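The structure under discussion appears below in the form of structure tokens.
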């Protein structure tokens, strides 16, 4: 039994790149909705105590940067992220943008009345000035299933305008492949290169031909949500794009964490190690560095 454990541990260690980047994770999320979210709904010190061991564990596995994808009005807390980044010796990036998925529950009232350009000006200001003293490193928004609702389209146009003005990459939570193709068409009309767009949650689209279409157009196919339950499907999706010569357009991450505001003790904090300990050993050795270092650096 000890020898089997040693071999398993050795296999895991050999599979892990010396340094890596996770492009879609969370530290804290508040699902109460934009109308009810407010300061004081959680104790930042409690979140810090619970999250820090998970982040240190991740740092020990070689992670050097984590993109925290919680947008404004969903629990974005740059001050907390800065504390955790310093304590864990880990870059933790925050974002600008608004999240329209879940039928717009997390959009503030002004997002419904302002134009795409007015929204973009808010996000551009955050990108240039920072949020609570923390630098904004990417755009995060979200849309529902396709065909895209006009409000979804407005968020996409605002993200494109922000990306053009700032050079930041836009990561868009996307309901399905139809919504991804709708975004791709908007991008093509806008003139923003598809390489500045990440199709978040591409793993939820079962049609691998749509993955391939987006990748061939230059978009990033983000197969996040890697977990025990989904590992076989994620592996199939990665292998499909690799076989088509498109591995350079793929991102993998876990969409994991996280402290859930409103649940006792923050609920179940899942941590960030599964991808390293269970998924990476199943990938071809030459894929690992590309997926967890080269591609994330190119995307963001």
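Please treat every number below as a calculation from the coordinates, not as lab data. Computed from a prediction, not measured in an experiment: that's the story for all the values here.
Each part gets one Cα centre, and for region 20-50 versus region 228-293 those centres are 21 Å apart. In region 21-299, Cα pairs under 8 Å separated by at least six residues give a relative contact order of 20 percent.
Remind me, relative contact order of region 180-294 in percent, using alpha carbon pairs under 8 angstrom and six or more residues apart? RCO, region 180-294: 21 percent. Result for the chain in a Gaussian network model with C-alpha springs under 10 Å: among 118, 254, 189, the largest mean-square fluctuation is at 189.
Note that region 120-235 carries a Kirkwood radius of 14.6 Å, evaluated over its alpha carbons pair by pair.
From the alpha carbon centroid of region 118-145 to that of region 81-102 is 12 Å.
Note on Rg and Dmax of the Cα atoms in Å: of the candidates (1) 18.5, 60; (2) 20.9, 70; (3) 18.6, 64, the value calculated from this structure sits at (3). Quick one: among 95, 129, 144, which has the greatest mean-square fluctuation in a GNM of the chain with alpha-carbon springs under 10 angstrom? With Cα springs under 10 Å in the chain, the top fluctuation among 95, 129, 144 is at 129. Normalised by 2.2 N^0.38 Å, where N is the number of residues, the alpha-carbon radius of gyration of region 189-231 equals 1.27. In the chain, the calculated helix contribution to ellipticity at 222 nm averages -12500 deg cm²/dmol per residue, counting -39,500 (n - 2.57) for every DSSP H run with n ≥ 4. In angstrom, the C-alpha Rg and Dmax of region 98-159 are 11.9, 38. Going by the alpha-carbon gyration tensor, a ≥ b ≥ c the square roots of its eigenvalues, is region 204-300 rounded (a/c under 1.5) or, if a/c is not under 1.5, prolate (a/b greater than b/c) versus oblate? Prolate shape, in that a/c is at least 1.5 and a/b is the bigger ratio. With springs only between Cα atoms under 10 Å apart, run a GNM on the chain and tell me which of 77, 45, 224 wobbles the most. In the Gaussian network model the winner is 45.
Within the chain, antiparallel bridges make up roughly 5 percent of the DSSP beta bridges whose residues both belong there.
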